[in-house]
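Read-outs: derived from the displayed coordinates by stated rules, not from any lab. In this text, all values refer to a predicted model and were calculated from it rather than measured experimentally. Note that each Cβ is placed from the backbone with ideal geometry, even for glycine, and that neighbours are counted across all protein chains shown.
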Amino acid sequence: MKRIATLCLLLLALNGYSQTNAELDPKILTSKAVMNQFMDLRFGMFIHWGPVTLRGTEIGWSRHHQVPATDYDTLYKVFNPINFNADEWVKTASDAGMKYLTITAKHHDGFCLWPSAYTDYNIMATPFKKDVVGLLAKACKKYHIKFCIYYSVLDWYQENYPLDNSTDPKLADKRKKPDMEKYVVYMKNQLKELVKNYDPYMLWFDGPWEAPWTKAMGLDMYTYLKTLKKDLIINNRLGKSFSGIDADGTAKFLGDYDTPEQRIGSLNMQTPWETCMTICEQWSWKPNDKMKSLQTCIQTLAKVAGGNGNLLFNVGPRSDGAIEPAQVARLKDMGSWLKQYGTAIYNTHGGPYNPNDTFATTRSGKKIYLHVFKPVTTLTIPEMPGVKINKAYIMKGATVALMQTNGQITLTLPAVLPDPNDTVIVLETDKSTIDIAPIKNEEKK
Ligand code: FHN
């Protein structure tokens, strides 16, 4: 999977695709206030799901490869997730401390989890016959979780989309008469259905890297969507270069925020960004998938927040509709940590130090939250120019001894840190911390 994402990025870079919001009418761009509210949420649930879970292979990508297309494209006929319960999925997200949820309404395989009027290849053609997108939208409203929709630009099932994902000419599903113009109309009709019927907080696009999708289509689609809902948040994957930040931190892409994938983005105080990452290894469910440790999960969230980003953390529910109990338990443990330390994550800004494997920092008002990831007894960091630390203490715990000399801050920590995954130390300063410029701190190996 990682190889695929890297390949996609490489293809885009080689094609020299770059477009920015400067090519859009500034009046239609999502406002800073809406984006600030989104960034305050910090933590969301990504869900990759569909009939492919019957095979336990990767959604979209395994079609024609591990699973012959003739098999893959007929799985819907026996897809009957009798244990699907939208409230349970959303409650799992809420108990994890997640504030938004993004569902793959249509992934690269073209299957639609809602009763689309524009294709029969949708959930109502399965024995299950329930509007999954609609049920999740309703459950998100009930649990005050922002409802977001993932929609794949590329579509290896729809006849009008010119490409299939088979590399073997013998296997390739010969497109009879593809017509990209008609496919774009299909996209706009489906997106209008999704926006009008389910009122998503955000659309998470994916798959812009293939040749049939052009820069002009991306600009046109962003503009079109903003006629449907002004404050709709749209990620940067309608554009061809779906990740690109200038040296000074400004965006070099089309869309409202950057989407580093399976990696933690760099500290950036200018451009909003969200890391999307799997809790296991595969995006959609597979048997015995290897799950990240609680420490890795918590430290990933803290490092992402420390970089001023959001974390969209992915689970892949099973073909019966249930999320693996082990993943539910892991997420619950993240929620327990957030119940204790959430003040150091939600409604904060990242920085001023760039995160590393020893610590990360978040900040709010006059406070800096120093997240310590390793059992160190002293921590020495570059001082913050012009900033005086009046008090240092473990959040909800004991005072921490602190020295500020020779341009350095040295903290003396207890031999056993209260939380081995991430102990939060509060530094109370004498000024508004948001004004402190980012501080480069190299990891001492
Ligand atoms: O090809 C997809 C992949 O299946 C998955 O949906 C990820 C999630 O961000 N996006 C693409 C790879 O970059």
Overall dimensions of the stretch 258-323 by Cα: Rg and Dmax, Å: 13.1, 43
Charge dipole of the chain about the Cα centre (unit charges at C-beta), most positive-ward option of 61, 98, 219: 98
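Counting only DSSP beta bridges with both residues in the chain, what percent are antiparallel, rounded to the nearest 5? Walk me through the intermediate numbers first.
Details: 32 of 64 bridges.
Given both bridge residues lie in the chain, the antiparallel proportion sits at roughly 50 percent.
If each residue of separation counts as 0.36 nm, what is the full-extension length gain between residue 129 and residue 263 once their alpha-carbon separation is subtracted?
On the way: separation 134, 0.36 × 134 = 48.24 nm, distance 3.67 nm.
Gain on stretching residue 129 to residue 263: 44.6 nm.
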At R0 = 56 Å, FRET efficiency that the Cβ-Cβ distance of residue 159 and residue 290 yields, to 0.05: 0.90
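For the stretch 172-222, rounded, prolate or oblate, judged on the Cα gyration tensor with a ≥ b ≥ c (square roots of eigenvalues), a/c < 1.5 rounded, else prolate if a/b > b/c?
prolate
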Inter-label distance for residue 27 and residue 442, nm, one decimal - labels placed 7 Å from Cα along Cα-to-Cβ: 5.1 nm
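Starting from the Cα-Cα distance between residue 431 and residue 36, subtract it from 0.36 nm times their residue separation and give me the gain in nm to one decimal.
Gain in length upon complete extension: 140.1 nm.
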Distance (nanometres) between label positions extended 7 Å along Cα→Cβ at residue 391 and residue 281: 4.8 nm
Sorted by Cβ neighbour density within 10 Å, fewest at the top, the residues 152, 284, 62: 62, 152, 284
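Of all the Cα-Cα pairs you can form in the stretch 27-344, what percent are over 32 Å apart? Let's see the in-between values first.
Working: 12005 of 50403 pairs.
Across the stretch 27-344, Cα pairs with separations above 32 Å total 24 percent.
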Charge context of residue 32, other residues only, Cβ under 13 angstrom, K/R +1, D/E -1: -3
Principal axis dimensions, largest first and in whole angstrom, of the stretch 305-344 by Cα: 37, 20, 10
Contour minus Cα-Cα distance for residue 364 and residue 211 (0.36 nm per residue): 50.7 nm
Using a Förster distance of 41 Å, the FRET efficiency for residue 404-residue 144 (Cβ separation, nearest 0.05): 0.45
Cβ-based exposure ranking for 61, 89, in which fewest neighbours within 10 Å come first: 61, 89
Cα gyration tensor, the stretch 350-429 - rounded (a/c under 1.5), prolate or oblate: rounded
